[in-house]
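Notes follow the structure.
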Amino acid sequence: MELLENNTLTQIFGLLLSFGLVQIIGWVLSVITGIFLGKGAIDKIVGTQEMVGNFAFMKLEKYRLLTGLGELLGVVLLLIPATSLFGAILIVSFMSAATVIHLSLMGGNKTYVPILVGIFALVGHFLRVM
């Protein structure tokens, strides 16, 4: 006997959708993404000691400012409802690259962070537009 039948899950999701809770969860995920990624983007743009050190370690210091501006653009686009999909796609693109860099140049250290940020951006967008 299954704990929850497929029909029950559909009813629960429909109930959440009717109360607007799904959209609220989407906004919460989008704002969390915006705060987290926005802070990192500003740190890259400003050139904090940590970010300068990280990019120097990876021998990618000439891309620090461009990366920060791209991430900040993704956050702004994500938080504007009309451009949210473009922001989510841009963020996922940057986070995919960050995941590869974490795996190849940083020994896999904190690889889960860019993966979660990308997931939060996409899921947040899609929950908001349901």
*Compute the acute angle (0 to 90°) between the alpha-carbon long axis of helix 6-18 and the principal axis of greatest extent of the alpha-carbon atoms of the chain; round to the nearest 10°.*
70 degrees
_Among V76, F57, L29, which residue has its Cα furthest toward the positive end of the charge dipole of the chain, with +1 on Lys/Arg Cβ and -1 on Asp/Glu Cβ?_
F57
_Given 25 °C and 0.890 mPa s, compute D for the stretch 69-129 with the Stokes-Einstein relation, Rh being the Kirkwood radius over Cα pairs; round to the nearest whole µm²/s._
212 µm²/s
*Estimated Rh, the chain: Kirkwood, alpha-carbon pairs, angstrom*: 15.9 Å
*Cα to Cα, under 16 Å, and not fewer than 8 places away if on the same chain: which lysines meet these conditions relative to K44?*
K59, K62
*Helix 84-104: angle to the longest alpha-carbon principal axis of the chain, degrees 0 to 90, nearest 10?*
50 degrees
_Going by amide H atoms built from the backbone, whose H comes under 5 Å of the H on L105, apart from near neighbours?_
none
*Count neighbours as other Cβ atoms within 10 Å of each site's Cβ, and list the trypsin sites (Lys or Arg not before Pro) in the stretch 1-68 that are DSSP loop with at most 15 such neighbours.*
K59
_Charge dipole magnitude, Cβ of K and R +1, D and E -1 - the stretch 20-128, Cα centre, debye nearest 20_ = 60 debye
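Since every read-out is calculated from the coordinates, none of them should be taken as a lab result. Given the structure is predicted, the values throughout are model-derived calculations rather than measurements. Heads up, the Cβs are rebuilt from the backbone with ideal geometry, glycines too, and the neighbour counts pull from every protein chain shown.
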